[in-house]
Amino acid sequence: MDGVTTLVGQGLYMALAAVAGLGIARLLKRDDTLGCLIAGVLAGILLPVFNYDTGLRAENIHQLVFFIILPVLIFQSAWKIDPDTLFRWLGPALLLAMVGVPICILITAALVYSGVHQPEGFPWLAALLTGSILAATDPVAIVSRLRQTGANNELLTLVEGESLFNDAVAILLFSFVLGIATHSAMEGAVATGESISGASGFTLYFAAVFFGGLAVGTICGLLTAIVILFLRSAGAALMVLVLAAFGSFYLAEHVVGVSGILSVMICAIVARACLREQQETYLAHAAPTWEWLGLLFHALIFVIMGLVISFDMFAQHWLAMIVAIVAAIGARGLAVFLVAPLARYVGPPITHSWRLILSWGGLRGVISAALVLSLPTELPYWSTVQAMVFGVVLFSLLVQGTTSTRLIRKMES
């Protein structure tokens with residue numbers, strides 16, 4: 001009973017901090033994420049004064065992130081995309097994700113590894129882990145700015161679709177590298193596991209996990225649509241959609257052994273496509289429901305991030321943060337400009353101005369923060385990786401976020 005009481009108390013505390021953060025954002029006329037981050041920092045300063053312990057620890061955040069927060073965030077983002085327009089830009093979006101993300105990870109890892117230059121305390125695996133986390137972009141921040149500037153629906157769909165597939169591939173590669181890093185930390189030597197060895201083994205593993213996630217997500221999306229059409233109830237439809245978000249993730253990850261994030265994303269896209277004629281009937285309340293759920297979990301992630309941030313983090317890792325910021329921005333730009341010219345072979349061409357928007361607008365936000373918060377503390381370099389990712393996320397919020405609107409208006413004019 002005490003455990004349940006503690007869990008409820010933690011939930012109430014985090015929700016109150018999130019609401020306070022939204023209030024701070026309104027007062028400062030800034031993004032909700034920045035307000036929630038400030039609320040978390042203030043809470044981290046004030047709570048010790050009142051001798052209150054939230055019970056949140058780095059070691060117990062992993063399950064919260066992967067089983068509750070990420071499925072909701074991915075499903076909510078995928079649900080908002082118009083399936084017809086997404087299909088038109090599917091080729092370029094997949095190209096940027098499947099080719100651009102690995103390029104971005106490798107470039108980021110190489111720059112971070114060279115910049116930090118601590119072979120013993122910060123090995124190549126740590127650099128790859130950092131690169132995979134920083135490859136995930138946040139579509140919410142840039143999409144809201146695109147809507148404010150009146151950008152056309154084609155650009156909106158490309159940005160949202162590319163970010164979704166980008167996140168799915170980045171999370172998949174993050175999980176793979178994290179598995180190697182965890183095994184290496186436990187065994188004291190770098191290993192790739194018992195079932196995966198060599199480039200061919202990795203290719204087969206990646207293909208199985210990736211396409212398996214697509215298949216499971218497609219089946220779950222079709223079943224979701226069938227159940228909603230059978231029940232013919234707005235309330236039941238919302239319940240089924242929420243269950244689909246968590247269920248498709250759990251089924252893929254823990255039953256089939258494929259990518260849960262891809263499964264969630266495809267489940268939402270397929271269900272939305274099959275139920276497009278029910279948007280004004282059974283699904284009339286779906287959009288606002290996912291909007292407040294997405295807002296809640298975005299707020300919670302940044303409150304937790306604010307709680308974790310400390311002055312010592314900046315004092316000890318300021319140089320690594322600067323290296324990570326330069327590496328993340330440079331790698332994203334290089335990846336986009338190297339891959340985007342190939343888009344004409346798989347779909348509509350991506351204009352030069354859109355490439356600039358994709359590069360500078362590839363903000364690191366809630367997904368990167370969620371992934372780095374889930375790092376196990378058994379990794380000797382977890383605090384360094386966390387500090388670097390937090391530095392990049394803060395730069396995205398304070399610099400890229402505040403200048404992207406001006407860039408969008410200039411590029412679209």
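The values are calculated or read from the model by the stated rules, or taken from the named source; none is laboratory data. These numbers come from a predicted model, not from an experiment. A quick note on method: Cβ atoms are made from the backbone with ideal geometry, for glycine too, and the neighbour counts reach across all protein chains shown. For the accessible areas, the whole protein counts, side chains as well, though only heavy atoms, and no ligand, DNA or RNA atoms are used. Shrake-Rupley method; radii C 1.70, N 1.55, O 1.52, S 1.80 Å.
Before moving on, here are some points about what is shown:
- Pair list, Cβ < 9 Å and 6+ apart or interchain, from segment 346-375 residues that are farther than 24 Å from L173 by Cα to residues that are aliphatic (A, V, I, L, M) and in a loop (DSSP other than H, G, I, E, B): I357/A151
- Residues (under 19 Å from G294 (Cα atoms) and under 13 Å from the mean Cα position of the chain (by Cα)) located in segment 375-413: V393
- Scanning segment 344-353 for residues that are touching a helix residue (DSSP H, G or I) at 6+ places or on another chain (Cβ under 6 Å) and part of a helix (DSSP H, G or I) yields a single hit, S353.
- Looking at L164, L146, L172, just one residue is assigned to a helix (DSSP H, G or I), of a type outside the set (V, I, T) and more than 18 Å from S259 (Cβ to Cβ), and that residue is L146.
Yes/no matrix, rows are residues, columns are (1) open to solvent by 40 Å² or more (accessible area, probe 1.4 Å); (2) touching a Gly at 6+ places or on another chain (Cβ under 6 Å):
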| position | (1), (2) |
| --- | --- |
| L342 | yes, no |
| Y345 | yes, no |
| P348 | no, no |
| Y381 | no, no |
| T384 | no, no |
| S404 | no, yes |
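- Evaluation of A343 against (1) within 19 Å of the chain's Cα centre (by Cα); (2) in contact (Cβ under 8 Å) with a residue 60 or more places away in the chain (one fails), failing number: (1)
- Failed item in (1) of a type in the set (S, T, Y); (2) at pLDDT 90 or above; (3) touching a Phe, Trp or Tyr at 6+ places or on another chain (Cβ under 9 Å), with T403 passing the rest: (2)
Each row is one residue, and each column tells you yes or no for (1) outside any helix (DSSP H, G or I); (2) surrounded by fewer than 16 Cβ atoms within 10 Å (Cβ to Cβ); (3) at pLDDT 85 or above.
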| position | (1), (2), (3) |
| --- | --- |
| V4 | no, yes, no |
| G9 | no, yes, no |
| A20 | no, no, yes |
| I38 | no, no, yes |
| V49 | no, yes, no |
| G55 | yes, yes, no |
| G91 | no, no, yes |
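One line per residue, one yes/no per condition, for (1) more than 26 Å from C274 (Cα to Cα); (2) open to solvent by 10 Å² or more (accessible area, probe 1.4 Å):
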{"residue": "I81", "(1), (2)": "no, no"}
{"residue": "V99", "(1), (2)": "yes, yes"}
{"residue": "P102", "(1), (2)": "yes, yes"}
{"residue": "A109", "(1), (2)": "yes, no"}
{"residue": "V112", "(1), (2)": "yes, no"}
{"residue": "Q118", "(1), (2)": "yes, yes"}
{"residue": "I133", "(1), (2)": "yes, no"}
{"residue": "T149", "(1), (2)": "yes, yes"}
{"residue": "T157", "(1), (2)": "no, no"}
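- Put simply, of G213, G201 the only residue that is part of a helix (DSSP H, G or I), over 19 Å from T281 (Cα atoms) and modelled with pLDDT of 90 or more is G213.
- Within segment 252-292, the residues that satisfy the criterion of being surrounded by fewer than 20 Cβ atoms within 10 Å (Cβ to Cβ) and touching a Gly at 6+ places or on another chain (Cβ under 9 Å) are H254, V256, G257, A273, C274, H285.
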